[in-house]
1. Using the structure shown, decide if residue B:166 is surrounded by fewer than 22 Cβ atoms within 10 Å (Cβ to Cβ) and either more than 8 Å from chain A (Cβ to nearest Cβ) or under 19 Å from the mean Cα position of the chain (by Cα) (or both).
2. Between B:183, B:132, B:155, which is within 14 Å of chain A (Cβ to nearest Cβ) and over 16 Å from residue B:100 (Cβ atoms)?
3. Looking only at the stretch A:55-87, how many residues end up being outside any strand (DSSP E or B) and within 13 Å of ligand 2 (Cβ to nearest atom)?
4. Determine which member of the set A:470, A:423 is away from ligand 1 (no atom under 16 Å from the Cβ), within 23 Å of residue A:297 (Cβ to Cβ), within 19 Å of the chain's Cα centre (by Cα) and buried (at least 21 other Cβ atoms within 10 Å of the Cβ).
5. Which residues, taken from the stretch B:277-307, are touching a residue at least 60 places away in the same chain (Cβ under 8 Å) and either open to solvent by 80 Å² or more (accessible area, probe 1.4 Å) or within 28 Å of residue B:60 (Cβ to Cβ) (or both)?
6. Mind listing whichever residues of the stretch A:359-386 are surrounded by 15 or more Cβ atoms within 10 Å (Cβ to Cβ) and of a type in the set (A, V, I, L, M)?
Amino acid sequence: MTPLVQLRGVSKDFRGVMAISEVNFEIRPGEIHAILGENGAGKSTLMKVLAGVYQPSSGEMLLDGQPATLKSPSDALSHGIAMVFQETNLVPSMSVAQNIYLGDEKLFNRLRGLNIQAQRYLLSLNFYVDPTVQVSFLGAGKKQLVEIARAVHHNARLIIFDEPTATLTPEEKFHFFNLARRLKEEGMAIIFISHALEEALQLADRITVMRDAKVVVTDETSKFDRDRIVQAMVGRSLSGELYSDQARVPRPMGRKILSVENLSMGNTVRNTSFSVFAGQVTGLFGLVGAGRTETMKIVAGVLKRDYFHGGTVRFEDRPVRYRTPRPAVRDGIVYVTEDRKIEGFFETMTIAGNIQLGDLAKGDNLLTPTTPRQGRDLAVEWTKRLGVRAIDADARVIELSGGNQQKVVLAKALVQKPKLVILDEPTRGVDVGTIVEIHNFINDLADSGMAVVVISSYLPEIIALSDRILVARQGRIVEEMDVAEATESRIMYAAVH
Amino acid sequence: MGKVRLSQEGVVFALAVALFAVFAVLLNNFLTAGNLIALVRSVSILGILGLGMGLVVIGRGIDLAMIATMVVTLSWVLSMAQAGTPFDTALAYGFLLAVAIGLASGILIAYADIPAIFTTLAMGLVIYGSGRAFLFQIDVQNTPSGVAWFDFLGRGLLFGLPMPIAAFAVLAALIALMLMRTRFGRFVYAAGDNPLAARITGVPLRPLIVLQYVVSSLIAFLAGIVMAAAVSGMSTRVYNSTMIYDVLLVVVLGGISLSGGRGGVRNVLVGTLLVGVLLNGMTILDITYTTQNLIKSLILLLAIMVDSFINPRDEQTSQQSQGDI
Ligand SMILES: Nc1ncnc2c1ncn2[C@@H]1O[C@H](COP(=O)(O)OP(=O)(O)OP(=O)(O)O)[C@@H](O)[C@H]1O
Ligand SMILES: [Mg+2]
């Protein structure tokens, strides 16, 4: 069987530094192929080469056995290769139907006709999405369905997903898996990048592991287990470090630093009350839509006050009501977003520029002199502490790999020396090795007396990190427990019922 | 993308120098002392205005009221001086008016969330209209005589440099220092790059926006002082000219992206040079105003197109190339 796409000795460099180097890679028709590797290993770059976003600096590419070059993503699409980026490419202000047919609409298209056509088409794929709904109202899972529908509509034979499951709820993940299998049965080839090794083991036919810009190994999934993958990814074994079952001694509660009473906002936060204590990690678990992010954003002043409908927030025994994040930051409450691309970092700035901004934003006097030197010193310190990797020190944050961007966002928040730090999905898009580092780091923060709130949808992460666990459901905290008395089933029960 | 932008300044600079050389060789009126002084004068004023506009554009805004501010504040100041108010007092009033205009635009933009382009467009009309109605009556205001520093600002030399250009240089250095080396400057870049991230990081976003428009208003006032000193008066004709587009041309051609967060004083300098030489050359060539405007507008359109191609503002398009996480 000729491979659908084949790369021979393909390299791509940025300013002379190899992002992928001498890569040999092939994708067969109708296979599901997982790409694994640490942050910055070159996974996304490799996929973008396949999808025509980047042109390789050397090496050759074969499509159906014939040499070919892909000049652009639309060129790739015309060859049957579609890519679904993690941050979607849909136009948020348009309807689902308009998005699916984007690019091939006739000059005067009757909206009704378009909607009916889309409805039929979506049903034929067994997708239950309303074609008239505006895309910005859809959750991550539905958006992904629309992207897939668009790709299938353009006769894609290969769909590439960059971290498709990172923003999905467990249920949506399950749907995604089924869908991937169904597409495969129809002869579609699928590549997906993931940091969740179980997903690769569960779903993929073959697995490719990348490290330091090279492909380390490609093999049938049955030849892999967790340890072999990790070994290939990081060059050493990590077993036992992550989500280990060993009993931890929970840190005792420090002083009560935050207490929230009867907080309400529209129908996303309903009359919720809870407290957070210094010197420990408070895990906030809940299903998507449980109002965890919204609650914490009100606490940190991120959500505008127009939506603030009542309740009291006390920080360090003082009632506070922040209308913007600035006073909260200055008082010592820092919120680290789950949506780094939209509200996380400054893309035109370097790592140093971003981190320095965190430092500057705490201060007051607008005319205080600053020097690039201060930024560089901070960057040196924090890139070392968090292990940020970039091709060089001048790299702009937009040029970093996803996981490394996350670390920069974290550093930018932590230079503000918060007393209470709220980490919303801190390890999203972060590789297994780095998750261990970030977890250790979070533990150090709590040990140093900081109050840390971790919002996570991943139960093992909550259990591994937290000293106290809060469970949210439908806009309020419904249960609170010590980690010693917590079990997965108990937490899950509280979150669902 | 770093490379592209770095060389953009280089390209613009080279273009300006080449144009200068061509005009110098081809036009025998170009290299005369009289013309060079006229060139320097117009370049200085354009450049000063460009500094203000550049600052606001870096912060993802735009100030289309600058020319109106310049004309109205100075016309008022001069007419007060003509009527016997001490010049310094009149200037103080002008200063306060400029601050008030900046505050008004800034507050509307920052707190009422009205797009900057409409706010300042309307603000320009309002200021000019009320200026004509309440503050001064005649079209051309003359400068008071006997104010030594003012005459010096118009015609004096500083280390051999005509004063207007010296004023431009000093202001450019100040703004560069402010942008690169103060907390305010870093905040402006942050707000221009990603306002949401700036807000969440604790940048006082709204006060910052207001401040930007106050600064650009004050810079317009300053440009007005230099202009009045250089040409011994202020005329409402300036308001009716296409000068605001020249200022925009300076900023965009120089490479300050309308999508915010990118560019700096260097870009204003090269942009000023190119636009200044171009305008002056066209005037000597005796190209009609209509044709000049057509040429300028085409260049502006082209520059904006190039800018939106290199620095897409729309998140959707930018993700085509930077898609992943
Ligand atoms: N446009 C770019 N300009 C400069 N360097 C880049 C660019 N894109 C990627 N890189 C660099 O290439 C390397 C590989 O990046 P890539 O995005 O492929 O990593 P990745 O494996 O997808 O990582 P992650 O798991 O964190 O998403 C990184 O060091 C990154 O900084
Ligand atoms: Mg990636």
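The values are calculated or read from the model by the stated rules, or taken from the named source; none is laboratory data. Keep in mind that what you see is a predicted model, and the values were worked out from it rather than measured. Backbone-built Cβ (ideal geometry, glycine too); neighbour counts: all protein chains shown. Remember, those area values only see protein heavy atoms, side chains included, never the ligands or the DNA or RNA. Shrake-Rupley method; radii C 1.70, N 1.55, O 1.52, S 1.80 Å.
1. Spelling it out, residue B:166 is indeed surrounded by fewer than 22 Cβ atoms within 10 Å (Cβ to Cβ) and either more than 8 Å from chain A (Cβ to nearest Cβ) or under 19 Å from the mean Cα position of the chain (by Cα) (or both).
2. Going through B:183, B:132, B:155 in turn, just one is within 14 Å of chain A (Cβ to nearest Cβ) and over 16 Å from residue B:100 (Cβ atoms): B:183.
3. Count: 3.
4. Exactly one of A:470, A:423 is away from ligand 1 (no atom under 16 Å from the Cβ), within 23 Å of residue A:297 (Cβ to Cβ), within 19 Å of the chain's Cα centre (by Cα) and buried (at least 21 other Cβ atoms within 10 Å of the Cβ), namely A:423.
5. Once the filter is applied, which keeps residues that are touching a residue at least 60 places away in the same chain (Cβ under 8 Å) and either open to solvent by 80 Å² or more (accessible area, probe 1.4 Å) or within 28 Å of residue B:60 (Cβ to Cβ) (or both), the stretch B:277-307 yields B:278, B:279, B:285.
6. A:360, A:361, A:366, A:378, A:379, A:386 - these are the residues of the stretch A:359-386 that are surrounded by 15 or more Cβ atoms within 10 Å (Cβ to Cβ) and of a type in the set (A, V, I, L, M).
Residues checked against (1) within 14 Å of ligand 1 (Cβ to nearest atom); (2) closer than 13 Å to residue A:165 by Cβ; (3) not assigned by TED's automatic domain parsing to the domain that holds residue A:434:
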{"residue": "A:189", "(1), (2), (3)": "no, no, yes"}
{"residue": "A:193", "(1), (2), (3)": "yes, yes, yes"}
{"residue": "A:197", "(1), (2), (3)": "yes, yes, yes"}
{"residue": "A:213", "(1), (2), (3)": "yes, no, yes"}
{"residue": "A:216", "(1), (2), (3)": "yes, no, yes"}
{"residue": "A:221", "(1), (2), (3)": "no, no, yes"}
{"residue": "A:228", "(1), (2), (3)": "no, no, yes"}
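A quick yes/no check of all residues on (1) modelled with pLDDT under 95; (2) away from ligand 1 (no atom under 13 Å from the Cβ); (3) hydroxyl-bearing (Ser, Thr, Tyr):
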residue: A:29; (1), (2), (3): yes, yes, no
residue: A:33; (1), (2), (3): no, yes, no
residue: A:37; (1), (2), (3): yes, no, no
residue: A:40; (1), (2), (3): yes, no, no
residue: A:44; (1), (2), (3): yes, no, yes
residue: A:54; (1), (2), (3): yes, no, yes
residue: A:57; (1), (2), (3): yes, no, yes
residue: A:65; (1), (2), (3): yes, yes, no
